[in-house]
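See structure below.
Taken together, the values in this text are just the output of simple stated rules run on the coordinates, not laboratory data. Quantities reported herein were computed from a predicted structural model and do not represent experimental measurements. Neighbour counts run over all protein chains shown; Cβ positions are idealised from the backbone, glycine included.
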Amino acid sequence: MAVFCCICLIATTGFSSIPAKHGRAYYESRGEVIWDVPTDEKVIALTFDDGPNPKTTPKILDLLKKYDAKATFFVIGFRMDRFPDIVKREVAEGHEIANHTNDHVYFKRSVGQDTIDEQLRIANRKIKELAGQTSPWFRPPGGFYNDKVISAAKRHGQTVVLWSWNQDTRDWSSPGVRKIVDKVLRNAQNGNIVLLHDHVSGSRTQTVKALEIILPELKKRGYRMVTVSELMKYRRPAKANGHQDTAAAQPPSLPDYAFPSFK
Ligand SMILES: [Zn+2]
């Protein structure tokens, strides 16, 4: 019962349960955290967390190639150690590699600065070794960000990238292929950052099957699937960003891996 209530609390309050000092508007206006990229271009960034995975990631790469799509892989350091060739393939095929910590640590308020720095530093070193360059992007596991995390990312030359609130597919929970597909296709709009996972722990992944439907449909609608770095190039100038994205006005759902059973 206690667990159930906890889940309800998170589900109804969303990111208010995350110990960030200010709200989205504050961090977004300062360019410290990115959820969406306001743009008039038909571009969307697909992002895949928690990999690489030897079974799923190659299938995803095959599909991305088939539909001429580029994506961003928020990799975990210790999984890079195990599957370096997959990371090299991601790079060789034009995708972006970005930091998702070395051990998938949730940066809750109790986590110290040293741990945050170490997690960022180790993963960045591994990314540099395999991808040939560091990434400007950092995604904290579970979406747990706070001022300590943001300033640590800055020290490492990185910006925190989360995901569009209307593009949290929850594919990590195996909700059904149809639900993953519907989440993406019903809400697709310019500048979205879609949250997907190429590694799903302890459950059967449905992400590949969903992509078989999502990728051709987005392409048919005229969207180009680009890396986060490319998406940022299409950002509308600040003074034209008077409107709040419709995605921003929607309540968030659970962050990724809200119920960890990792490693
Ligand atoms: Zn994750």
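So how do 231-238, 84-91, 100-107, 190-197 stack up, highest first, on mean other-Cβ count within 10 Å?
The most tightly packed comes first, giving 190-197, 100-107, 84-91, 231-238.
With a 10 Å Cβ neighbour count serving as the proxy for reagent exposure, in which order, fewest first, do Ser173, Ser29, Ser229, Ser164 appear?
Ser29, Ser229, Ser173, Ser164
Would you mind classifying the range 155-210 by shape? Square roots of the alpha carbon gyration tensor eigenvalues, ordered a ≥ b ≥ c; an a/c under 1.5 is rounded, otherwise it is prolate if a/b is larger than b/c and oblate if not.
Working: a/c = 3.06, a/b = 1.33, b/c = 2.30.
It is oblate, given that a/c is not under 1.5 and a/b is not larger than b/c.
Going by C-beta contacts inside 10 Å, put His156, His95 in order with the fewest on the left.
Working: His156 18, His95 23.
Least crowded to most crowded, the residues run His156, His95.
Separation between the Glu118 and Arg89 pseudo-spin-labels, each 7 Å from Cα along Cα→Cβ, expressed in nm?
3.3 nm
What full-extension length gain, to one decimal in nm, is calculated for Asp81 and Lys179 as 0.36 nm per residue of separation minus the Cα-Cα distance?
Stretched fully, the Asp81-Lys179 segment lengthens by 32.0 nm.
What spacing in nm lies between the two simple spin-label points modelled at Asp62 and Arg125, each 7 Å away from Cα in the Cβ direction?
The two pseudo-label positions are separated by 3.6 nm.
For the range 170-200 and the range 87-149, what is the centre-to-centre distance using only Cα atoms, to the nearest Å?
22 Å
Which value, in debye to the nearest 20, gives the size of the charge dipole of the range 32-238 about its Cα centre, when Lys and Arg are +1 and Asp and Glu are -1 at the Cβ?
On the way: 34 positive and 26 negative charges, 78 e Å.
The calculation lands at about 380 debye.
Can you find, among Ala92, Leu185, Gln113, the residue sitting farthest towards the positive end of the charge dipole of the range 32-238, where Lys and Arg contribute +1 and Asp and Glu -1 at Cβ?
So the residue we want is Leu185.
Which value, in debye to the nearest 20, gives the size of the charge dipole of the range 65-162 about its Cα centre, when Lys and Arg are +1 and Asp and Glu are -1 at the Cβ?
Dipole about the Cα centre, nearest 20: 100 debye.
If you average 1/r across every pair of different Cα atoms in the range 65-153 and take the reciprocal, what Kirkwood value do you get, in Å?
13.4 Å
Which order do Tyr145, Tyr223, Tyr67 fall in if you start with the one that has the fewest other Cβ atoms within 10 Å?
Tyr67, Tyr223, Tyr145
Report, as a whole number in µm² per second, the diffusion coefficient that Stokes-Einstein gives for the range 32-238 at 10 °C and 1.306 mPa s using the Kirkwood radius over alpha carbon pairs.
94 µm²/s
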